[in-house]
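Have a look at the structure below before the remarks.
The values are calculated or read from the model by the stated rules, or taken from the named source; none is laboratory data. Keep in mind the model is a prediction, meaning the values are calculated, not measured. Please note: Cβ atoms are built from the backbone with ideal geometry, for glycine as well, and neighbour counts cover all protein chains shown. What goes into the accessible areas is simple: the full protein's heavy atoms, side chains included, and nothing from ligands, DNA or RNA. Shrake-Rupley method; radii C 1.70, N 1.55, O 1.52, S 1.80 Å.
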Amino acid sequence: MRRVITRFDRDNLVKNQPLLDLLHAFADEKGATPAQVSLAWMLHKKPFNCPDLPGSRRLERIEENLGAADIDLTDEEFGRIEAELAKIEIHGNRTDEDIAKLRDLH
């Protein structure tokens, strides 16, 4: 999948580092992993949401992802994350059209 989604291009990975830095900082604060913070943020934003869980082929990733349910983001923490996200420009795309290209990569 990373071959067709331009967010994973080498240059875009470098440019998107501030997002990872933000996730790591909040993960350190919460005693969690960046993936758990990301999922907790999504669930706080839209509690009816059912995020597509990446990395669900290995048991330890499933357990890590499930641990996001134990991460309680306060409204203040959520607001801080939102404010910091608003300052970050995401480089590259991840569209349905890009993912559809996977069918052509045989």
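Key figures
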{"quantity": "Pairs with Cβ under 6 Å, 6+ apart, first in the stretch 58-73 and open to solvent by 30 Å² or more (accessible area, probe 1.4 Å), second at pLDDT below 90 and not in a helix (DSSP H, G or I)", "calculated": "ARG61/GLY55; ILE62/SER56"}
{"quantity": "Pairs where the first residue, in the stretch 34-49, is on the phi < 0 side of the Ramachandran plot and the second is of a type in the set (Val, Ile, Thr), C-beta under 6 Å, 6+ apart", "calculated": "GLN36/ILE71; ALA40/ILE71; TRP41/ILE81"}
{"quantity": "Residue in the stretch 79-100 that is modelled with pLDDT under 90, surrounded by fewer than 10 Cβ atoms within 10 Å (Cβ to Cβ) and charged (D, E, K, R) present", "calculated": "yes"}
